[in-house]
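See structure below.
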Amino acid sequence: MASSAPGCCPSVFSASLCSPTPWRAAPWRPPPWFLAAAALAREKSRQAESLARINERVIQELPYAVLAVNGEGEVLQYNARAEILLATRFHVGSGLARCAPVLAGLWAAWRQNRALPEHPFQVDEGGHRLRARFIELEPTRREGAVVVLEDMTELEAQAQKMKLASLGMLTANLAHEIRNPLSAISHAAGLLKEDARDGIAPKLTRIIEDHVRRLNGLVEDVLSLNRRDRIKREHVDLEEFLPAFVQHFSQRESVGPGVVHVHLSRQSAVCMDPGHLEQILWNLMRNAWRYCSRRPGSIRIRVAGAEDRTEIEVGNDGPPITPEVRAHLFEPFYTTDKQGTGLGLYIARELAEANRAGLRYVEGQEGAVFRLTCQAPPC
């Protein structure tokens, strides 16, 4: 058998065993502790995402407005209720100074540990009356806060509804009990007037009749409070409604011709209960007639329309209302007139709110002006 050449592989060995081959490492298998840590991380991430979704859902479903603000006044989180009450649109990173300037002022005062201005505040004319509450994230108030906004308009409306519900039956029964003797007194005064023979009797009967009318007006006002929930809102065309109303009011209150001037805009229709609208305007017109100069044009009714609302202003050329009186304008039984009941403006605003409208005193105008803001058709 021939011997192999030096340096060559014997024929009995495979050539592949002698030829040089590269080294290959075995596949890496992670240790059990690594797999356990990765599984735990994935589970924690899933839980964090689930908690974030729950947190977002809870914030959105809260009945009040919530904002999370960082130390620079940027909005980190918010719910839809906050956008509605503040009448703005937020996105993450929005600044309070740009989106809600009034709230930004309160936020700045709170961060500096200053006393907050008087609450509640309004974002715009006719908007919600809001009260802000700041919940600090740390004692120095530098890291931001959670801002809670409470709608005082709704809270006050609920409180008012509860109060009226509790007093409704009492006032109705009391009014009816007063009305019966009033009818008897009025009838007796009429008989006394017919049988009057001396000079003092007519004067006494006139005094009795005046006070009967005043008390009967008070009874009607009290009863109207119990009718505020009996609403039938409908399309009311002011071009037809106002002239007839002014004519009726002028006849009943002995208003001279030309004293009331009516100015209508193109959009002159509202969605209201016609009976409630008449009573609101009657109360406003009675106040205007009481304080105006009673010259031609001294009472003004102006109607202005916008896209979704109609404004009816009733003004007069009398003296403007002082700040002291303005603070109590719509309080029940508050009056500066000895012959007044103090319920006219209070009832007017109650009926307005029951019809989803608003009534307020307009400052900075010549004389005294009240503005009724109503929903425009369609109802």
TODO: Go through segment 111-146 and count every residue that is over 24 Å from the mean Cα position of the chain (by Cα) and free of Cβ contacts under 8 Å to residues at least 40 places away in the same chain.
DONE: 11
Task: Flag for residue 281 being within 18 Å of residue 233 (Cβ to Cβ), in a strand (DSSP E or B) and hydrophobic (A, V, I, L, M, F, W, C) - done: no
TODO: Answer yes or no as to whether residue 73 is of a type in the set (Gly, Ala, Ser), assigned by TED's automatic domain parsing to the domain that holds residue 139, touching a helix residue (DSSP H, G or I) at 6+ places or on another chain (Cβ under 9 Å) and on the phi < 0 side of the Ramachandran plot.
DONE: no
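Could you say which residue among 326, 302 is surrounded by fewer than 19 Cβ atoms within 10 Å (Cβ to Cβ), over 26 Å from residue 243 (Cβ atoms) and among the basic types (Lys, Arg)?
Details: 302 fails: over 26 Å from residue 243 (Cβ atoms).
Criteria check complete, one pass: 326.
Mind listing whichever residues of segment 71-96 are assigned to a helix (DSSP H, G or I) and surrounded by fewer than 14 Cβ atoms within 10 Å (Cβ to Cβ)?
80, 84, listed by residue number.
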Open item on the list: Anything in segment 97-114 that is over 15 Å from residue 68 (Cα atoms) and in a loop (DSSP other than H, G, I, E, B)? List them, or say none.
Closed with: 112, 113, 114
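The values are calculated or read from the model by the stated rules, or taken from the named source; none is laboratory data. Everything numeric here is computed off the predicted structure, so don't read it as measured data. When we count neighbours, we look across all protein chains shown, and the Cβ atoms used for this are built from the backbone with ideal geometry, even at glycine.
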